[in-house]
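Please read the structure below before turning to the comments.
The values are calculated or read from the model by the stated rules, or taken from the named source; none is laboratory data. Because the structure is predicted, anything quoted here is derived from the model rather than measured. Note that each Cβ is placed from the backbone with ideal geometry, even for glycine, and that neighbours are counted across all protein chains shown. With ligands, DNA and RNA removed, areas are computed over all heavy atoms of the protein, side chains included. Shrake-Rupley method; radii C 1.70, N 1.55, O 1.52, S 1.80 Å.
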Amino acid sequence: MNGAPTGPTLPGTPPAADKSTEPAATATDAADQPHRRGIRSFVVRAGRMTVGQARALADLGPRYILPHDPATTDLVAATASQARSSGQNYAQTVLEIGFGMGSATAHIAALKPDTLFIGCEVHEPGVGALLKLVRIHELQNIRILQHDAVEVLRDMVAPGTLHGVHVFFPDPWHKKRHHKRRLIQSPFVRLLAERLAPGGYLHLATDWQPYAEQMLEVLSAEPLLRNTAEGYAPRPAYRPLTKFEQRGLRLGHGVWDLVFERIAI
């Protein structure tokens with residue numbers, strides 16, 4: 001962590017610039033510091049925003065989007081403190097990595113109003129789409145970081161502070177030569193496990209069986225985690241079926257959920 005302050009701080013409105021284009025760590029950095037990566041698991045693709053998404057981003061962004069700032073060394077405490085100052089109290093904090101267009105995030109947040117959900121997503125139309133849902137459903141318990149989740153976890157999330165992490169349908173990087181880009185790798189899983197509080201959970205889902213098999217292998221090898229099921233888990237009731245997922249199931253395609261728990265040591 002960089003220069004921890006005497007207490008958690010949370011800067012105000014984030015700058016408009018998209019920080020997802022910041023240079024990645026070098027290969028040497030990655031070797032010296034296992035949580036730094038020279039290879040990103042995502043590609044920032046240009047996308048056209050709808051008028052509604054752009055309006056939601058402009059209107060609600062200053063309130064719901066948080067900046068990536070390494071000076072904030074305990075994001076959970078800082079965000080909870082800011083929420084309390086607005087009269088909102090949250091019993092738990094869950095981080096979602098790569099929320100796409102935000103439909104699952106909004107659905108779960110509506111089901112669990114006493115939980116604060118912090119979503120990381122670099123795709124600006126997706127951020128606008130989630131903010132549009134925040135407005136439609138009058139959700140108060142969502143915050144967004146438009147930044148690389150690995151850097152957010154490394155720089156801003158203190159160990160043992162998250163109650164849950166959701167990673168739904170990350171890019172499977174189908175081609176073998178691209179497998180190194182997959183998000184779920186041993187160093188990243190260790191980082192996730194360290195940020196979870198004892199008893200906290202890690203919930204992954206994928207519709208690509210080879211990736212599901214890799215996920216199960218990597219998570220099972222992490223000594224800080226234990227599987228809550230024998231192999232793959234039943235889909236938890238809070239995770240909605242997406243339209244894409246429903247179509248795949250009708251065609252006989254599989255979906256695999258994994259739910260692991262942080263053990264106390």
Can you name the residue in the stretch 150-162 that is open to solvent by 10 Å² or more (accessible area, probe 1.4 Å) and not hydroxyl-bearing (Ser, Thr, Tyr) and, of all such residues, is nearest to Gly200 (Cα to Cα)? Gly160
Is the stretch 107-121 home to any residue that is farther than 17 Å from Thr79 by Cα, of a type in the set (A, V, I, L, M) and without any contact (Cβ under 8 Å) to a residue 60 or more places away in the chain? yes
Can you name the residue in the stretch 241-262 that is in contact with a Leu (Cβ under 9 Å, 6 or more places away or on another chain) and surrounded by 15 or more Cβ atoms within 10 Å (Cβ to Cβ) and, of all such residues, is farthest from Tyr201 (Cα to Cα)? Val255
Meets criteria (closer than 23 Å to His203 by Cα and either open to solvent by 10 Å² or more (accessible area, probe 1.4 Å) or in contact with a His (Cβ under 7 Å, 6 or more places away or on another chain) (or both)) for Glu96: yes
State yes or no: is Pro234 over 27 Å from Gly126 (Cβ atoms) and not polar (S, T, N, Q)? yes
For the stretch 107-128, enumerate the residues that are among the hydrophobic types (A, V, I, L, M, F, W, C), surrounded by fewer than 24 Cβ atoms within 10 Å (Cβ to Cβ) and assigned to a helix (DSSP H, G or I). Ile108, Ala110, Leu111
Could you please give the count of residues in the stretch 45-72 that are open to solvent by less than 20 Å² (accessible area, probe 1.4 Å), assigned to a loop (DSSP other than H, G, I, E, B) and of a type in the set (Ser, Thr, Tyr)? 1
Within the stretch 212-239, the residues that are open to solvent by less than 60 Å² (accessible area, probe 1.4 Å), assigned to a loop (DSSP other than H, G, I, E, B) and under 24 Å from Arg250 (Cα atoms) are Gly231, Pro236, Tyr238, Arg239
Going through Lys176, Lys180 one at a time, which residue ends up being under 24 Å from Gly248 (Cβ atoms) and among the basic types (Lys, Arg)? Lys176
From the residues in the stretch 73-93 that are open to solvent by 30 Å² or more (accessible area, probe 1.4 Å) and among the small types (Gly, Ala, Ser), which one is modelled with the highest pLDDT? Ala77
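One line per residue, one yes/no per condition, for (1) open to solvent by 10 Å² or more (accessible area, probe 1.4 Å); (2) closer than 27 Å to Ala71 by Cβ; (3) not in a loop (DSSP other than H, G, I, E, B):
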residue	(1), (2), (3)
Val165	no, yes, yes
Pro172	yes, no, no
Arg177	yes, no, yes
Ile184	no, no, no
Pro187	yes, yes, yes
Gly199	yes, no, yes
Pro210	yes, no, yes
